[in-house]
Structures are given as structure tokens and as C-alpha cells.
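The block underneath contains the structure these notes are about, expressed in C-alpha cells.
The values are calculated or read from the model by the stated rules, or taken from the named source; none is laboratory data. From a predicted model like this one, the values you see are computed outputs, not experimental measurements. Neighbour counts are summed over all protein chains in view; Cβ atoms, including those assigned to glycine, are modelled from backbone coordinates with ideal geometry. Ligands, DNA and RNA are excluded from the accessible area calculation, which covers all protein heavy atoms including side chains. Shrake-Rupley method; radii C 1.70, N 1.55, O 1.52, S 1.80 Å.
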Amino acid sequence: MAERKPPPRPLTAWQAIFAGQIVVNLPILVLFYSVYSLAEPLGYWARLIAAFVVSMAWGLYASRRWQRWAYRRGVDRAQLQRLAGLTLLMMPRAAPREPPAPPRKPKRG
């Protein structure tokens with residue numbers, strides 16, 4: 001009979017943020033510099049745009065995977081979004097909208 005793995009240890013939001021900085025933001029910097037350096041035969045603006053596109057593609061892909069990983073490890077969603085916005089791992093979310101108030105009945109007078 002196969003052994004069952006114990007569930008992963010829950011993480012704090014700060015531990016998840018630290019892991020995210022390593023697996024999301026650090027590769028973004030490395031990719032940007034690498035693509036910019038390797039595309040030297042291209043013009044300045046072409047190198048800049050290529051480096052930006054490649055690094056942001058990685059950032060979008062990796063940040064979504066990192067976010068799902070953190071949720072699976074038991075990190076509170078609201079706290080993770082707030083801290084990730086502060087540390088530039090994710091775009092800060094807008095404040096959630098309240099549902100509109102029901103229409104008032106006209107007064108008879």
C-alpha cells in the first residue's frame with residue numbers, strides 16, 4: 001500500500017513573499033539583463049523592448065503559479081495580496097466594490 005504524504009506545512013504570508021521574490025522577481029532581473037545584453041546587434045530601443053517583453057512574460061507566468069502555490073500552502077488570500085502589492089510581486093488590487101444600494105421607493109405625498 002502506498003504511503004500518504006503528510007500535508008505541506010502551512011506558510012505565513014511573509015514566507016510566501018520571500019519565496020516569491022526568489023522565484024518571480026529575481027529571474028525577471030536576470031532575464032531582462034541577459035536579453036538586453038545578448039541582443040546587442042539590435043538597436044537600443046529594440047533591445048529594451050525585447051528585454052521588457054521577455055521578462056514581463058516570465059513575471060506574469062511565474063507570479064500566477066506562485067500565487068496558486070501560496071494559496072495551496074494555506075496563506076490567507078487578503079494578507080498575501082496586500083503584502084504582494086507592497087513588495088511589488090503583484091499589482092496592488094483595487095478596493096473591492098460594495099454592491100449598489102437597492103433603489104428607493106418614491107414617497108407618496
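To the nearest 10 degrees, how steep is helix 44-72 against the longest Cα principal axis of the chain, on a 0 to 90 scale?
Rounded to the nearest ten degrees, it is 50.
Mind sorting out which of (i) 1.39; (ii) 1.26; (iii) 1.02 is the real Rg/Rh (Cα atoms, Kirkwood Rh) computed from the coordinates?
Evaluating Rg/Rh (Cα atoms, Kirkwood Rh) on these atoms matches (ii).
Dipole of the chain (Lys/Arg Cβ +1, Asp/Glu Cβ -1, origin at the Cα centre): which of TRP14, LEU80, SER55 lies farthest to the positive side?
About the Cα centre, the residue reaching furthest to the positive side is LEU80.
What Kirkwood radius, in Å to one decimal, follows from the Cα pairs of the stretch 1-64? Can you show the working numbers first?
On the way: mean 1/r = 0.0717 Å⁻¹.
Value: 14.0 Å, from the Cα pair sum.
With a probe of 1.4 Å, find how much accessible area the chain has per residue, and write the answer as a whole number in Å². Walk me through the numbers on the way to the answer.
Values: 9300 Å² over 109 residues.
Heavy-atom SASA per residue in the chain reads 85 Å².
Computed FRET efficiency, Cβ-Cβ of ARG65 and LEU42, R0 30 Å: what is it to the nearest 0.05?
Working: r = 30 Å, r/R0 = 1.00.
Efficiency, rounded to the nearest 0.05: 0.50.
Could you state the angle between the C-alpha long axis of helix 26-38 and the longest principal axis of the C-alpha atoms of the chain, as a value from 0 to 90 degrees rounded to the nearest 10?
Relative to the chain, helix 26-38 is tipped by roughly 40 degrees.
Subtracting the Cα-Cα distance from 0.36 nm times the residue separation, let me have the gained length for PHE18 to ILE49 in nm, one decimal. Provide the component values of the computation, followed by the final result.
Numbers: separation 31, 0.36 × 31 = 11.16 nm, distance 2.82 nm.
Result for the pair: 8.3 nm of gain on full extension.
Within the accessible area of the chain, what % is carbon and sulfur when the probe is 1.4 Å and the other protein chains stay in place? Before the final figure, lay out the partial values.
On the way: 5990 of 9300 Å².
Solvent-exposed carbon and sulfur of the chain make up 64 percent of the total.
Nearest 10 degrees, 0 to 90: what angle lies between the long axis of helix 77-86 and the longest principal axis of the chain (Cα atoms)?
50
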